[in-house]
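*Asks:* Below is one structure. I have some questions about it.
The values are calculated or read from the model by the stated rules, or taken from the named source; none is laboratory data. The structure displayed is predicted, hence computed values, not measured ones. When we count neighbours, we look across all protein chains shown, and the Cβ atoms used for this are built from the backbone with ideal geometry, even at glycine.
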Amino acid sequence: MTEARTDAQHLLAHALGCSRMDLYVRFHELLSPEQRAGFRDLVKRRLAREPVAYIEGKRGFHALDLELGVDRRALIPRADTEVLVDWVLEGATADASLKVVDVGTGSGALALSLKHSCPAWSVTACDISKEALALARENAALHSLEVDFVESDLLSDVASPAGGWDLIVANLPYIPSQDIESLAPEVRAYEPRLALDGGPDGLDLIRRLMAQTLCGGVLAPRGVVYLEFGIHQADDVTSLVRDVGLSCQLRDDLAGIPRVARVTR
């Protein structure tokens, strides 16, 4: 019931062109016929299980003033992914000239939140999807953030900087292919499958990225890789990382489940 009430508040605020907080001071107002019709149309879309973020066309991420445009070109940024951003920022110096690449950037959430928090960092974002990159560029322009965007299958077409990347961050597709059809309709029917499908065990792209990271000149000698992965994948990710000779630490998401790996040499 609480989730339904929150969704209704978001949709009503969107129909009225105001914030959710404004609804509490405008509770005495009667809706005009046009406003009622607009709200009704939004409710119909939600009843069809379209995600509220796609209906609104926006989603806040990490910082209250970093609101991202979102649509069906890319995955909706999740609050759990903010754990990855927080961990990166804990272990790095904001005014250092770090070279950072966000692999599989989608809407640009990781790349833009890091650049927003640390303007001195040199940030590159890549994605195999032209559509997702276009959305990420729009979000960068929206917040006047200078990020380099590259169309690439993981790091295949991304030129490594001299000395390698200081930070590689990635929230790659990690849902096992056979599990896609069992996802909630909001995810299965609306979010791009390319951003969800991680292959038979969900780890195909993480496995490939680890192999690329080991190529000469990709990861700086003291470079760090941060990876988000799925529920129940912590042991497999840890084994995968250690099997290629790297070290792995884990951090829990907001529900207390291990969901982020910090990978070092």
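*Asks:* Working carefully through the options 11, 84, 47, find the one that is surrounded by fewer than 15 Cβ atoms within 10 Å (Cβ to Cβ) and either closer than 20 Å to residue 190 by Cβ or touching a residue at least 40 places away in the same chain (Cβ under 8 Å) (or both). Don't jump to the end; show me each part of the working.
*Replies:* Values: 11 fails: surrounded by fewer than 15 Cβ atoms within 10 Å (Cβ to Cβ); 84 fails: surrounded by fewer than 15 Cβ atoms within 10 Å (Cβ to Cβ).
Among 11, 84, 47, only 47 is surrounded by fewer than 15 Cβ atoms within 10 Å (Cβ to Cβ) and either closer than 20 Å to residue 190 by Cβ or touching a residue at least 40 places away in the same chain (Cβ under 8 Å) (or both).
*Asks:* Then there's this: Can you spot a residue in region 153-176 that is more than 24 Å from residue 259 (Cα to Cα) and assigned to a helix (DSSP H, G or I)? Break it down into steps so the answer makes sense when it comes.
*Replies:* Residues of region 153-176 that are more than 24 Å from residue 259 (Cα to Cα), as a first pass: 156-164.
Retained after the next criterion (residues that are assigned to a helix (DSSP H, G or I)): none.
Looking through region 153-176, none of the residues is more than 24 Å from residue 259 (Cα to Cα) and assigned to a helix (DSSP H, G or I).
*Asks:* Tell me the strands (runs of 3 or more DSSP E) entirely within region 43-110 that contain at least 1 residues that are out of contact with any strand residue (DSSP E or B) (no Cβ under 9 Å at 6 or more places or on another chain). Steps first, answer last, please.
*Replies:* Values: elements: 58-61, 63-69, 99-103.
Qualifying strands (runs of 3 or more DSSP E): 63-69.
*Asks:* Taking the residues in region 37-54 that are of a type in the set (Lys, Arg) and on the phi < 0 side of the Ramachandran plot as candidates, determine which candidate is farthest from the chain's Cα centre (by Cα). Give the steps one after another, and end with the answer.
*Replies:* In the first step, residues of region 37-54 are kept if they are of a type in the set (Lys, Arg); the result is 40, 44-46, 49.
Retained after the next criterion (residues that are on the phi < 0 side of the Ramachandran plot): 40, 44-46.
On the way: 40: 30, 44: 27, 45: 24, 46: 22 Å.
Here the residue is 40.
*Asks:* Next up: Could you please find all residues in region 14-30 being touching a residue at least 12 places away in the same chain (Cβ under 8 Å) and either more than 14 Å from residue 56 (Cα to Cα) or among the charged types (D, E, K, R) (or both)? Before the answer, list the steps.
*Replies:* Going residue by residue through region 14-30, those that are touching a residue at least 12 places away in the same chain (Cβ under 8 Å) are 14-16, 23.
Matches in region 14-30: 23 only.
*Asks:* Let me ask something additional. Can you name every residue in region 122-139 that is part of a helix (DSSP H, G or I) and charged (D, E, K, R)?
*Replies:* Result: 130, 131, 137, 138.
*Asks:* Check whether at least one residue in region 2-10 is at pLDDT below 95 and aliphatic (A, V, I, L, M), and report yes or no. Can you show your working first?
*Replies:* So in region 2-10, the residues at pLDDT below 95 come out as 2-10.
Right, trim to aliphatic (A, V, I, L, M) and you get 4, 8.
Yes, there is a match, as at least one residue in region 2-10 is at pLDDT below 95 and aliphatic (A, V, I, L, M).
*Asks:* Which of the numbered conditions does residue 90 fail, given that it passes all the others? Conditions: (1) in the same structural domain as residue 191 (by TED's automatic domain parsing); (2) touching a residue at least 12 places away in the same chain (Cβ under 8 Å); (3) charged (D, E, K, R).
*Replies:* If we test residue 90 against (1) in the same structural domain as residue 191 (by TED's automatic domain parsing); (2) touching a residue at least 12 places away in the same chain (Cβ under 8 Å); (3) charged (D, E, K, R), just (2) comes out false.
*Asks:* Something else about it: Does region 26-37 hold any residues that are at pLDDT below 95, surrounded by 10 or more Cβ atoms within 10 Å (Cβ to Cβ) and in a helix (DSSP H, G or I), and which are they? Walk me through it before giving the result.
*Replies:* Going residue by residue through region 26-37, those that are at pLDDT below 95 are 26-36.
Remaining after also requiring surrounded by 10 or more Cβ atoms within 10 Å (Cβ to Cβ): 26, 29, 31-32, 35-36.
Scanning region 26-37 gives 35, 36.
*Asks:* Restricting region 99-116 to residues that are of a type in the set (D, E, K, R) and over 13 Å from residue 152 (Cβ atoms), which is nearest to the chain's Cα centre (by Cα)? Talk me through it step by step, then tell me what you get.
*Replies:* First, the residues of region 99-116 that are of a type in the set (D, E, K, R): 99, 102, 115.
Those still in the list that are over 13 Å from residue 152 (Cβ atoms) too: 99, 115.
Working: 99: 19, 115: 14 Å.
The residue in question is 115.
*Asks:* If you scan region 1-25, which residues turn out to be over 25 Å from the mean Cα position of the chain (by Cα) and in a loop (DSSP other than H, G, I, E, B)?
*Replies:* 1, 17, 18
*Asks:* Further question: I need the full set of residues from region 60-75 which are of a type in the set (Gly, Ala, Ser) and either under 17 Å from residue 188 (Cβ atoms) or free of Cβ contacts under 8 Å to residues at least 40 places away in the same chain (or both), in order please.
*Replies:* Step one: list which residues in region 60-75 are of a type in the set (Gly, Ala, Ser), which gives 60, 63, 69, 74.
Of everything in region 60-75, those that are of a type in the set (Gly, Ala, Ser) and either under 17 Å from residue 188 (Cβ atoms) or free of Cβ contacts under 8 Å to residues at least 40 places away in the same chain (or both) turn out to be 60, 74.
*Asks:* Still on this model: Go through region 173-196 and give me each residue that's over 20 Å from residue 227 (Cα atoms), touching a residue at least 24 places away in the same chain (Cβ under 8 Å) and among the hydroxyl-bearing types (Ser, Thr, Tyr).
*Replies:* Across region 173-196, the qualifying residue is only 190.
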